[in-house]
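The values are calculated or read from the model by the stated rules, or taken from the named source; none is laboratory data. Note that the structure is predicted; figures quoted are calculated from it, not measured. Every residue, glycine as well, gets a Cβ built from its backbone with ideal geometry; the counts of neighbours run over all protein chains shown. Accessible surface is based on the protein model in full, side chains and every heavy atom, while ligands, DNA and RNA are left aside. Shrake-Rupley method; radii C 1.70, N 1.55, O 1.52, S 1.80 Å.
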Amino acid sequence: MSKIYLYSGPIHSGKTTRLENWIKQSPSADGILTPVINNKRYLKYMSTWELHLLESDLSDIDLIEQIGKYKFLKDEFRKAHIYLLNLINNTPKWIIIDEIGFLELGGQGFEPAVSQLIRSLKNNPNVNIVLVIRETLTEKIIDYFKIDTNSWTVFDPD
């Protein structure tokens, strides 16, 4: 059975930066980070360290997913879905998904790719999945993804 790690902390507390530093020491890790650069959220694909602008100023509802004041490009989420689903076959030792939040709880953002990834790798003991979450959403995330209380633990990259 794969192990699911939940990594949480306050907003803008350096979670992504700590993860990035940890990943540089763990070459068997892959996944997606969402750093904020110049006040804009980006997707960073760990296999290439390639950056894609995720946050947008657009208003066209056909092009964006909005949560609160934040607007994200749907097309970038589609690319992220493909990337995440490819990890099912590549099966790195560590899969990092930064960050799971209200969009995913509403079936948007990285969903349904995260659910598919968790289901597909559920019985693979060689894969560890790290979900970066807001600390206030822990119980909701566990319920939404139907994570067995015995199959997860807290992740600490420090």
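Looking only at residues that are open to solvent by less than 20 Å² (accessible area, probe 1.4 Å) and in a strand (DSSP E or B) in the stretch 1-15, which one is nearest to S115 (Cα to Cα)?
The first filter runs over the stretch 1-15 and keeps only residues open to solvent by less than 20 Å² (accessible area, probe 1.4 Å), leaving 2, 4, 6-7, 9, 15.
When the remaining residues are screened for being in a strand (DSSP E or B), the result is 4, 6-7, 9.
On the way: I4: 12, L6: 15, Y7: 17, G9: 22 Å.
Across the stretch 1-15, the extreme among qualifying residues is I4.
Identify, please: which residue in the stretch 122-135 is modelled with pLDDT under 90 and not in a loop (DSSP other than H, G, I, E, B) and is, among those, nearest to N86 (Cα to Cα)?
The residue in question is R134.
Count, please, the residues in the stretch 58-97 that happen to be assigned to a loop (DSSP other than H, G, I, E, B), free of Cβ contacts under 8 Å to residues at least 24 places away in the same chain and either surrounded by 17 or more Cβ atoms within 10 Å (Cβ to Cβ) or of a type outside the set (G, A, S) (or both).
6
If I ask for residues that are closer than 25 Å to I118 by Cβ and modelled with pLDDT of 95 or more, which ones from the stretch 51-71 would you list? If you could, list the steps in order and put the result at the bottom.
Residues of the stretch 51-71 closer than 25 Å to I118 by Cβ: 52, 54, 65, 67, 70.
H52, L54, listed by residue number.
Does the stretch 98-131 hold any residues that are farther than 17 Å from E55 by Cα and either crowded, with 22+ Cβ neighbours inside 10 Å or among the aliphatic types (A, V, I, L, M) (or both), and which are they?
Result: L105, A113, V114, L117, I118, L121, V127, I129, V130, L131.
Do we find a residue being in contact with a helix residue (DSSP H, G or I) (Cβ under 9 Å, 6 or more places away or on another chain) and open to solvent by 40 Å² or more (accessible area, probe 1.4 Å) anywhere in the stretch 16-29?
Of all residues in the stretch 16-29, those in contact with a helix residue (DSSP H, G or I) (Cβ under 9 Å, 6 or more places away or on another chain) come to 29.
Filter once more, so that each one left must be open to solvent by 40 Å² or more (accessible area, probe 1.4 Å): none.
Scanning the stretch 16-29 turns up no residue that is in contact with a helix residue (DSSP H, G or I) (Cβ under 9 Å, 6 or more places away or on another chain) and open to solvent by 40 Å² or more (accessible area, probe 1.4 Å).
Filter the stretch 132-144 down to the residues that are of a type outside the set (A, V, I, L, M) and touching a strand residue (DSSP E or B) at 6+ places or on another chain (Cβ under 7 Å), then identify the one that is most open to solvent (accessible area, probe 1.4 Å). Let's see the steps before the verdict.
Looking only at the stretch 132-144, we keep the residues that are of a type outside the set (A, V, I, L, M), and these are 134-136, 138-140, 143-144.
If we keep only those that are touching a strand residue (DSSP E or B) at 6+ places or on another chain (Cβ under 7 Å) too, we end up with 134-135, 138.
Numbers: R134: 72, E135: 98, T138: 32 Å².
Taking the candidates together, the pick is E135.
State all residues of the stretch 43-57 that are among the aliphatic types (A, V, I, L, M) and exposed (fewer than 14 other Cβ atoms within 10 Å of the Cβ); if no residue qualifies, say none. Show your work before the answer.
Applying the first criterion (among the aliphatic types (A, V, I, L, M)) to the stretch 43-57 yields 43, 46, 51, 53-54.
Selection gives L51, L53.
I need every pair where a residue in the stretch 46-57 that is part of a strand (DSSP E or B) has its Cβ under 8 Å from the Cβ of a residue that is open to solvent by 70 Å² or more (accessible area, probe 1.4 Å), sequence separation at least 6 or different chains.
Going by the 8 Å Cβ cut-off, the qualifying pairs are H52/K79; E55/Y70.
So is I147 in a loop (DSSP other than H, G, I, E, B), at pLDDT below 95 and open to solvent by less than 20 Å² (accessible area, probe 1.4 Å) or not? So that I can check it myself, show each step before the final result.
Working: in a loop (DSSP other than H, G, I, E, B): yes; at pLDDT below 95: yes; open to solvent by less than 20 Å² (accessible area, probe 1.4 Å): yes.
Considered against the rule, which asks whether it is in a loop (DSSP other than H, G, I, E, B), at pLDDT below 95 and open to solvent by less than 20 Å² (accessible area, probe 1.4 Å), I147 comes out as yes.
Within the stretch 43-61, how many residues are closer than 14 Å to D75 by Cβ and touching an Asp or Glu at 6+ places or on another chain (Cβ under 8 Å)? Give the derivation first.
The initial filter retains those residues of the stretch 43-61 that are closer than 14 Å to D75 by Cβ, namely 43, 52-56, 58, 60-61.
From what's left, touching an Asp or Glu at 6+ places or on another chain (Cβ under 8 Å): 43, 52-54.
So the count comes out to 4.
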